[in-house]
Amino acid sequence: MINSKNELIIKDIKKAINAGKYEVNQKIPSENQLAEQYGVSRQTVRKALGKLIDEGYLYSRHGSGTYVKQPLVKRGNSKNIAVVSTYMSDYIFPRVIQGINQVLSDNSYSILLKTTNNSRKGEAWCMEELLSKNIDGMIIEPSQSAISCQHQVLYDQMDSMGIPYVFIQGCYEAMMDRPYVMLDDVEGGRLITEHLIKLGHKRIAGIFKADDTQGILRHKGYVKALQEAGISYDPDMVTWFHTKDRSTKPMEGILRLIENGVSFHAVVCYNDEIAADVIKGLTNIGRSVPHDISVTGFDNSLLAKSRGITTVSHPQEELGKAAAETLIGLINGSLSRKDAHVLLKPELVERKSTL
């Protein structure tokens with residue numbers, strides 16, 4: 001939240017520098033130009049520029065103006081690690097952060113925690129703020145990772161500054177060469193669909209998230225299992241949803257299949273939260289789970305455990321530990337970036353929601 005013109009000027013200039021609009025040693029607009037642009041006094045502009053000089057973004061030349069400063073390399077001296085997550089909910093993140101914190105604490109690091117609400121603008125804002133601080137590295141859960149990243153320049157800037165980072169849970173397609181620690185979502189999607197096939201189900205509906213790589217990969221595993229069993233893939237049996245419509249679109253897709261008289265006796269859901277909503281929705285219209293329709297989730301969250309949902313394990317704490325260990329290896333040089341790719345293996349967890 002920007003609550004003053006002074007803060008707006010600071011934010012805009014940081015954003016312009018991070019986006020490469022201004023190069024190192026390039027002169028920025030004068031105090032008079034900025035004052036006119038923002039409708040403020042020169043004193044307000046001078047205060048904002050002073051703050052940017054103090055933070056190392058700019059430097060001044062007496063009688064000449066203000067220029068972009070060469071960024072300092074910040075590595076291996078602050079003992080601060082930034083962790084950027086999509087949500088701070090009690091779904092799976094607390095166990096992930098528990099694993100991260102255990103390894104970082106054992107190595108005398110402190111955590112700076114930020115959340116994006118799965119917004120790409122939110123992610124860029126968090127990164128811009130964190131790049132103004134002295135951090136040794138960053139662990140990032142990318143926001144809407146299936147959509148092209150519009151702020152890759154910020155990751156490139158971290159590379160130039162010598163700040164290592166590790167993606168967790170997902171990774172932008174254009175940056176799959178960067179370090180990551182993820183669950184093998186393709187194998188997870190294959191495992192859970194194969195389980196339903198072995199139970200005798202052939203008409204299996206699917207619900208997947210379209211704007212993150214986890215949803216894309218879990219769908220890929222779903223298709224793979226069908227193909228391995230000789231079952232034709234029917235795109236009409238699949239409902240895709242986005243972050244913004246996750247509370248309504250999944251169940252609407254299932255209801256549409258039922259209303260259209262489409263025969264299916266099982267549903268593969270993107271995660272446990274969607275599975276719980278689908279079970280509730282089916283129960284509300286008089287369908288019994290699993291006797292009429294089997295439903296599966298993904299992540300083996302507390303929600304799945306409490307509601308008896310057949311799901312796929314998500315080793316949250318292990319993932320957090322692996323991410324922290326990978327980042328520390330990058331910081332101390334014991335691990336190269338090309339070797340910093342970790343895929344954790346999922347396992348099937350069978351409960352009472354399938355029959």
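Worth a mention:
- Ala324 surrounded by 17 or more Cβ atoms within 10 Å (Cβ to Cβ), among the small types (Gly, Ala, Ser) and farther than 20 Å from Ala276 by Cα: yes
- Residues in segment 98-131 that are closer than 14 Å to Leu327 by Cα, touching a residue at least 24 places away in the same chain (Cβ under 8 Å) and in contact with a strand residue (DSSP E or B) (Cβ under 9 Å, 6 or more places away or on another chain): Ile100, Asn101, Leu104, Tyr109, Ser110, Ile111.
- Summed over segment 175-210, the residues that are surrounded by fewer than 20 Cβ atoms within 10 Å (Cβ to Cβ) and touching a Ser or Thr at 6+ places or on another chain (Cβ under 7 Å) give a count of 2.
- Contacts under 9 angstrom Cβ, first residue in segment 205-222 being within 9 Å of Gly189 (Cα to Cα), partner buried (at least 23 other Cβ atoms within 10 Å of the Cβ) and among the acidic types (Asp, Glu), 6 or more apart: Leu217/Asp185; Arg218/Asp185; Lys220/Asp185; Gly221/Asp185
- The lone exception for Lys280 - which of (1) touching a His at 6+ places or on another chain (Cβ under 8 Å); (2) exposed (fewer than 14 other Cβ atoms within 10 Å of the Cβ) it fails: (1)
- Checking every residue in segment 183-201 against the condition of being within 25 Å of Leu319 (Cβ to Cβ), in a strand (DSSP E or B) and touching a His at 6+ places or on another chain (Cβ under 7 Å) gives at least one match.
- Search result, residues across segment 97-129 that are crowded, with 18+ Cβ neighbours inside 10 Å, modelled with pLDDT of 90 or more and closer than 25 Å to Ala174 by Cα: Lys114, Thr115, Thr116, Asn118, Arg120, Glu123, Ala124, Cys126, Met127
- Which listed residue, of Ile168, Ile163, Ile231, Ile135, is in contact (Cβ under 8 Å) with a residue 12 or more places away in the chain and not assigned by TED's automatic domain parsing to the domain that holds Ser108: Ile231
The values are calculated or read from the model by the stated rules, or taken from the named source; none is laboratory data. Here the structure is a predicted model, which means the values were calculated and not measured. A quick note on method: Cβ atoms are made from the backbone with ideal geometry, for glycine too, and the neighbour counts reach across all protein chains shown.
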